[in-house]
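The values are calculated or read from the model by the stated rules, or taken from the named source; none is laboratory data. Predicted, not measured: the structure shown is a model, and the values here were computed from it. So basically every Cβ, Gly included, is an ideal-geometry build from the backbone, and we count neighbours across all protein chains shown.
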Amino acid sequence: MALDIDGMSPEAHAYYLAIGERYTTPDVLAQVDMSLAGLVLYGALLAPCGFGAEDGQDMLEGREVARAEESGGAQTATDHKATTLNAADVIDTAKQRRQDAITILKGTKRVSRQRGNKNAMALVTSALSKTSALTDDSALPTQLSVLQVALEDPALAAVVAGRGGPECATDLATLQPAVRAALSDRTSAPAITAAAQRRDILDGILVTLARQARAAARRAARKHGQPAIAAAFELIHLEPRRRKAPSADVPEPPAPPAAEPAAPGTVPAAE
């Protein structure tokens, strides 16, 4: 088999792992199926633009390996990755609403000061001091609770009513149990096994091939004046629900080269 994962360098493993862990295997396979279908129609046109028959064979072989490993422990690894991504989404949303609540409370200071509402000022100062920093996600539910209580306090009711306070308080109340569940899922998740890492590396290889095919398709579409070529390889299944900063111990893959300016009336160049 040309696609030899075990024979790759540690640097290549780290590179593909950083990509693959950001996607679930079903999404990757759906994208690969679409790309392979596009190759049936346009493969000969993509070859002169950088995606040749060997690349297509690697994509095909990689898909078959991924499908063969979709049972047992490999499927558990895929489920674990999906759970981890969902948990991260919940925590990210909670952090955003936390910051919204802090901004709302800071905005009440001016009005409370002008009205001489000392109770409101003291309440806001206390809540902000308790939520000034979030050094660990485990403190997030407690901080959400503190901010919710402040937003719902009668001393601030009139001030926050027209400034998003009630809506934010409702969201904070809903998010607290969701965040606790997400934190529990994350901490109770099994350790990443060698099989799970292999699956992520394979996902990363397939994503990279799909991106390479898209780049070549865009070139071919420009060359032949056929937008349908580019459309057949668009990465519609590889659009993460959120953009997450890379893990501190796994480097972000290098950015692709800057696109060349497209001539008027042509299909955009590959990114």
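Here are some notes:
- All conditions in (1) at pLDDT below 90; (2) in a helix (DSSP H, G or I) hold for D171, with the sole exception of (1).
- Sub-8 Å Cβ pairs linking a first residue in segment 130-143 that is free of Cβ contacts under 8 Å to residues at least 60 places away in the same chain to a second residue that is in a helix (DSSP H, G or I) and among the basic types (K, R), at least 6 apart or interchain, are T131/R98; L134/K95; L134/R98; L140/K95; L140/R98; P141/R180; Q143/R98; Q143/K130, ordered by first then second residue.
- For segment 90-109, the condition holds for no residue, the condition being that it is among the small types (G, A, S) and assigned to a loop (DSSP other than H, G, I, E, B).
- On the stretch given as segment 1-13, residues that are buried (at least 17 other Cβ atoms within 10 Å of the Cβ) and either in a helix (DSSP H, G or I) or acidic (D, E) (or both) total 1.
- Of all residues in segment 202-225, those satisfying the criterion of being under 16 Å from A44 (Cβ atoms) and touching a residue at least 60 places away in the same chain (Cβ under 8 Å) are A213, A216, A217, R219, A220, K223, H224.
- Near pairs, Cβ below 7 angstrom, 6+ apart or cross-chain, from segment 52-69 (under 15 Å from A216 (Cβ atoms)) to any residue that is assigned to a helix (DSSP H, G or I) and of a type in the set (S, T, N, Q): D55/Q212; M59/S35
- Every residue from segment 228-263 that is small (G, A, S) and at pLDDT below 95: A245, S247, A248, A255, A258, A259, A262, A263
- Matching residues, segment 114-133, being surrounded by fewer than 12 Cβ atoms within 10 Å (Cβ to Cβ) and assigned to a helix (DSSP H, G or I): Q114, K118, S129
- Any hit, segment 148-163, residues being assigned to a helix (DSSP H, G or I), among the acidic types (D, E) and within 20 Å of T93 (Cα to Cα): no
- Checked against (1) under 16 Å from I104 (Cβ atoms); (2) buried (at least 19 other Cβ atoms within 10 Å of the Cβ); (3) at pLDDT below 90, A161 meets all criteria but (2).
Conditions (1) within 33 Å of the chain's Cα centre (by Cα); (2) modelled with pLDDT under 90; (3) within 30 Å of Y16 (Cβ to Cβ); (4) surrounded by 13 or more Cβ atoms within 10 Å (Cβ to Cβ), marked per residue:
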site	(1), (2), (3), (4)
S112	no, yes, no, yes
T135	yes, yes, no, no
Q143	yes, no, no, yes
L175	yes, no, no, yes
A178	yes, no, no, yes
L202	yes, no, yes, yes
R219	yes, no, yes, yes
Q226	yes, no, no, yes
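- In this entry, P166 is excluded by the filter for residues that are at pLDDT below 95, of a type outside the set (S, T, N, Q) and in a loop (DSSP other than H, G, I, E, B).
- Among the residues listed as T266, T208, the single one being hydroxyl-bearing (S, T, Y) and modelled with pLDDT under 55: T266
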